[in-house]
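Worksheet: one structure, shown below.
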């Protein structure tokens, strides 16, 4: 019988969340910063380039931090803010339903937010840089 500890569960959660944020943050930061800037400006986040950098850095480097368990609670906190804004925009600005047939609703954002909140509250687990050095931020 295979037993997975809570620490193993936190590692799996960190890895899955980190890949999502790395994949979404990389193009914002390194491939289409101007496009992201224009999109954010159109939403009222001005100056767009500033917010594009903040969003790209938060998603990409926050994803890296989660992957290795480095200041995980800080990274999760920053990503919670980002995902809360994204979810609220979908709900109130675009009137996106929770789930849709043809396009994504805000259910994926909500699941990511739940995972981030769990990491924020529980920490990175023992298989992390934070625990190796005994940092309370993980």
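Only the coordinates and a few stated rules stand behind these numbers; no lab work does. Since we're looking at a predicted model, the values are computed, not measured. Positions of Cβ are backbone-derived with ideal geometry, glycine not excepted, and every protein chain shown enters the neighbour counts.
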task: From 43, 55, grab the single residue that is surrounded by fewer than 17 Cβ atoms within 10 Å (Cβ to Cβ) and either in contact (Cβ under 8 Å) with a residue 12 or more places away in the chain or farther than 22 Å from residue 110 by Cβ (or both).
output: 43
task: Determine whether region 6-18 contains at least one residue that is at positive phi and surrounded by 19 or more Cβ atoms within 10 Å (Cβ to Cβ).
output: no
- prompt: Taking region 62-95 as the region of interest, how many residues are under 16 Å from residue 130 (Cβ atoms), more than 10 Å from the chain's Cα centre (by Cα) and part of a helix (DSSP H, G or I)?
  reply: 7
- prompt: Can you tell me which residues in region 27-40 are touching a helix residue (DSSP H, G or I) at 6+ places or on another chain (Cβ under 7 Å) and surrounded by 15 or more Cβ atoms within 10 Å (Cβ to Cβ)?
  reply: 28, 29, 33, 36, 37, 40
message: If residue 75 meets every condition in (1) touching a residue at least 24 places away in the same chain (Cβ under 8 Å); (2) closer than 28 Å to residue 136 by Cα; (3) buried (at least 19 other Cβ atoms within 10 Å of the Cβ) apart from one, which number is that one?
response: (1)
message: Can you tell me which of (1) in contact with a helix residue (DSSP H, G or I) (Cβ under 7 Å, 6 or more places away or on another chain); (2) farther than 15 Å from residue 21 by Cα is the one residue 93 doesn't meet?
response: (1)
- request: Would you confirm whether any residue within region 102-116 is over 29 Å from residue 10 (Cα atoms) and assigned to a loop (DSSP other than H, G, I, E, B)?
  value: yes
field: Matching residues in region 85-125 - criterion: being touching a residue at least 60 places away in the same chain (Cβ under 8 Å) and crowded, with 16+ Cβ neighbours inside 10 Å
entry: 112, 115, 116, 119, 122, 123, 124, 125
